[in-house]
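Read through the structure below, which is laid out as structure tokens, and then see the notes.
The values are calculated or read from the model by the stated rules, or taken from the named source; none is laboratory data. Just so you know, these numbers come straight off a predicted model, no measurement behind them. For neighbour counting, all protein chains shown are included, and Cβ atoms are generated from backbone atoms with ideal geometry for every residue, glycine included. Each accessible area value is taken on the protein alone, full model and side chains, heavy atoms only, with ligands, DNA and RNA left out. Shrake-Rupley method; radii C 1.70, N 1.55, O 1.52, S 1.80 Å.
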Amino acid sequence: MPPVRPADGAAPSAWPRRGIATVCLSGTLEDKLGAAAAAGFDGIEVFEPDLIASPWSPAELATRCADLGLSIDLYQPFRDLDSTDPARFAANLRRAERKFDVMGALGVDTVLVCSSVAPDAVADVDQLAEQLSTAAARAELRGLRIAYEALAWGRHVSTWDASWDAVRRADAAALGLCLDSFHVLSRGGDPSGFAAVPGEKVFFLQLADAPQLTMDVLQWSRHHRLFPGQGAFDLPGFLGAVLATGYRGPLSLEVFNDVYRQSDPARTAVDAMRSLQWLEEALALVDPAAGLRPPPAAPELSGWSFTELAVDGVSGPQVGQALTALGFTHTGQHRSKPVQLWEQGAARVLLNASVVRPGAPGEAAVSALGLESSDPGRSAVRAEAMSAPVLPRTRGATEAELSAVAAPDGTEVFFTRTGPDGWPADFLPTGVPPGPGAGLTGIDHVALTQPFDSFDEAALFYRSVLGLEPQQVTELAAPFGLVRTRAVTGPERAVRLTLSASSLRRGGWAPRVAEPQCIAFRTDDVRATAERLRAAGAPLLRLPENYADDLEARFDLPADLLAAVREHGLMYEEDAHGACLHLATEVLGDRLFVMVVQRLGGYDGYGNADAPVRMAAHRRQRRPPAETPVGSARIERTDVS
Ligand code: MG
């Protein structure tokens, strides 16, 4: 799609204007306004319940917004306007007049009227148009206007086409449409139909994404809306169709989401802003020719340079021993920091004993990801422009300059170039010659469990800041509850990262390793690798015989492969493109395990089908041999007391 230019005469700096409905953010109006302003929004939609719960008068709210540089773009929602009962309609008009008073004090000229869900809602489109026209005439007398929105669950008007039919028939100057991407796309509406609507009749635009779910549309909307770029809807296509009408009002977000309703509003607002930046970029809305400066495009990420683990005096030696058994060699020592470089082929692991993280003693955790960028400096500039926290670095005079940003879970992401002048020059050789290795050729993917609240934020972070593409969300029935997982991948799958989180916030009964992490290495021959690892004493995870029996039933595998599955604890699964053979180690340093992956054909997954078996095996591995069953332990404690 060609770049969309501002309408003739529009000041370039005034468009696109970015807005957010106060309902998107947690807290009181004070919290919400502060967060929206700090994130750089131009305006807000005032969600009426937020105003009603506020001690501020409408005029005070207007002053507060002006002080923060926020415009008030919409007052919403006005519900159930039309009625088949004349007395009720008259009462609704009286109610509307009172809200027009509020709008006057707020200084906002547009009110959102959503289609009625009431039992007395008007079904006849001409009668509905007449009532909308009557209300619009009242609004026009006050210099106000009505944006009519079809709720996807409206009683008689539930599609945007039906709302446009009513607005068109009403033919009132102060009556137009509010197009809400959720209401349109959740009903399978076709945005190409917007071409029939003159741009001046689109009074307002609300943007929300959502995961593809099959459920009641009201519940879907109320709990699961997401910011653009986080879900499954085609938001660039939707916005492009709206802008093609000539609409040049605010790009305003309206997202009802259970997590965002209770998350730090400052953080949510940054996430929200990033979603609009991503959307604007997808449509090339920010026009450099108009003197505006869009973020530079994300440089291509061509692979992994390293994965860094934060270790301490307990986990460091344990992980080092495991890396040795996995065929790695400790080849380098950092010039100025307690950081070890371990290598095997293009697989590199850093063990960093200086990372300050709130991990438990004895824990080993992924603290940083090193990604090969075609232009590390530009990657950092883009990250900063997309509101990613750029991390300060201390470095010696002769050390390489490394740019790093913090992902939502705190993981540091380094933009690197591996070469003689790049980051490896910061390491002095240990003099230990690399061993023959175990056939590991590089990093296949890294799997990170996300904090419950940042699962969707993380997908958008990697998409918008790094230019990776989120894949479908899948659910695993794991032993300790349902787990959502989603991969983000680079071009040619040179970078693969998987993000997981529990489907529900965890309570007290939780696995001992509640937030596991995994580094998966590639091999071209997992059977040969498994034999070498076994011989070297690598801590390979043992799987139950039931798993191999089930594989034998489901797939017609060669006998020698099945024997290897049983002998080495290999896992096997297929997708539409190929198959995967993989194995896992035991949990190292309380949190981390290693996978070895051999992709066959075009297999594009991550061993998720086998994950529940692996998780159960990890649980068995970590259970102390003499652990007392829960019930007995309780009795024991009672006896003691
Ligand atoms: Mg809406």
Worksheet item: Just checking, which of L93, L112, L128 is within 22 Å of G249 (Cα to Cα) and not polar (S, T, N, Q)?
Response: L112
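Tally up the residues in the range 227-243 that are open to solvent by less than 10 Å² (accessible area, probe 1.4 Å) and within 16 Å of the ligand (Cβ to nearest atom), please.
Quick first cut of the range 227-243, residues open to solvent by less than 10 Å² (accessible area, probe 1.4 Å) only: 227-230, 235, 238-240, 242-243.
Pick out the ones that are also within 16 Å of the ligand (Cβ to nearest atom) and you get 227-228, 235, 238-239, 242.
The qualifying residues number 6.
State whether the residues of the range 291-304 include one that is at positive phi, buried (at least 20 other Cβ atoms within 10 Å of the Cβ) and either modelled with pLDDT under 95 or not in a helix (DSSP H, G or I) (or both).
The first filter runs over the range 291-304 and keeps only residues at positive phi, leaving 291, 303.
Those left that are additionally buried (at least 20 other Cβ atoms within 10 Å of the Cβ): none.
No, there is no match, as no residue in the range 291-304 is at positive phi, buried (at least 20 other Cβ atoms within 10 Å of the Cβ) and either modelled with pLDDT under 95 or not in a helix (DSSP H, G or I) (or both).
Okay, residues lined up against (1) open to solvent by less than 10 Å² (accessible area, probe 1.4 Å); (2) within 14 Å of the ligand (Cβ to nearest atom):
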{"site": "P119", "(1), (2)": "no, no"}
{"site": "A147", "(1), (2)": "yes, yes"}
{"site": "W160", "(1), (2)": "no, yes"}
{"site": "R168", "(1), (2)": "no, no"}
{"site": "D171", "(1), (2)": "no, no"}
{"site": "D180", "(1), (2)": "yes, yes"}
Discussion item. Being within 16 Å of the ligand (Cβ to nearest atom) and either touching a residue at least 24 places away in the same chain (Cβ under 8 Å) or farther than 30 Å from L292 by Cα (or both) narrows it down to one residue among F89, F100, F41, F47; which is it?
Written reply: F47
Worksheet, complete the sentence: Scanning the range 331-346 residue by residue, those more than 24 Å from E492 (Cβ to Cβ), in contact (Cβ under 8 Å) with a residue 60 or more places away in the chain and surrounded by fewer than 17 Cβ atoms within 10 Å (Cβ to Cβ) turn out to be Q333, R335, S336
Discussion item. Contact list please: Cβ distance under 9 Å, first residue in the range 105-118 and at positive phi, second residue away from the ligand (no atom under 12 Å from the Cβ), pairs at least six apart or on different chains.
Written reply: G107/P58; G107/A59; G107/A62; G107/C65; G107/A66; G107/S71; G107/I72
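So which of D73, D80 ends up being within 16 Å of the ligand (Cβ to nearest atom), touching a residue at least 60 places away in the same chain (Cβ under 8 Å) and among the charged types (D, E, K, R)?
Working: D80 fails: touching a residue at least 60 places away in the same chain (Cβ under 8 Å).
After ruling out the rest, the residue left standing is D73.
Quick check: is even one residue across the range 522-533 β-branched (V, I, T) and closer than 21 Å to S454 by Cα?
No, every residue in the range 522-533 fails to be β-branched (V, I, T) and closer than 21 Å to S454 by Cα.
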Worksheet entry | Filtered residues of the range 246-267 (kept if in contact with a Ser or Thr (Cβ under 7 Å, 6 or more places away or on another chain) and either assigned by TED's automatic domain parsing to the domain that holds A385 or of a type in the set (K, R) (or both)) | R261
Item to complete: Sort out which residues of the range 92-116 are open to solvent by 20 Å² or more (accessible area, probe 1.4 Å) and farther than 18 Å from D82 by Cα, and write them in order of number.
Response: D101, V102, G104, A105, G107, D109
Response to the item:
Every listed condition ((1) open to solvent by 20 Å² or more (accessible area, probe 1.4 Å); (2) assigned to a loop (DSSP other than H, G, I, E, B)) holds for E399 save (1)
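Any residue in the range 339-351 that is of a type outside the set (A, V, I, L, M, F, W, C) and within 29 Å of the chain's Cα centre (by Cα)? Let's see the steps before the verdict.
Within the range 339-351, the first condition is being of a type outside the set (A, V, I, L, M, F, W, C), and the residues that meet it are 340, 343-345, 348.
With within 29 Å of the chain's Cα centre (by Cα) added as a condition, the list becomes 348.
Yes - at least one qualifying residue is present in the range 339-351.
Does V270 meet the test of being over 19 Å from the mean Cα position of the chain (by Cα), within 28 Å of P491 (Cα to Cα) and in the same structural domain as T28 (by TED's automatic domain parsing)?
Details: over 19 Å from the mean Cα position of the chain (by Cα): no; within 28 Å of P491 (Cα to Cα): yes; in the same structural domain as T28 (by TED's automatic domain parsing): yes.
So V270 does not fit the description; no.
Here's the yes/no breakdown for (1) free of Cβ contacts under 8 Å to residues at least 40 places away in the same chain; (2) within 16 Å of the ligand (Cβ to nearest atom):
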| site | (1), (2) |
| --- | --- |
| G176 | yes, yes |
| L185 | no, yes |
| G188 | yes, no |
| P191 | no, yes |
| A195 | no, no |
| E200 | no, no |
| L213 | yes, no |
Worksheet entry | Options A438, A478, A404, A458: the member that is touching a Lys or Arg at 6+ places or on another chain (Cβ under 6 Å) and crowded, with 16+ Cβ neighbours inside 10 Å | A438
Worksheet entry | Condition broken by E574, with the remaining ones in (1) more than 26 Å from A438 (Cβ to Cβ); (2) within 29 Å of the chain's Cα centre (by Cα) satisfied | (1)
Fill in: Out of V413, V349, sole residue that is open to solvent by less than 60 Å² (accessible area, probe 1.4 Å), under 30 Å from E531 (Cα atoms) and among the β-branched types (V, I, T)
V349
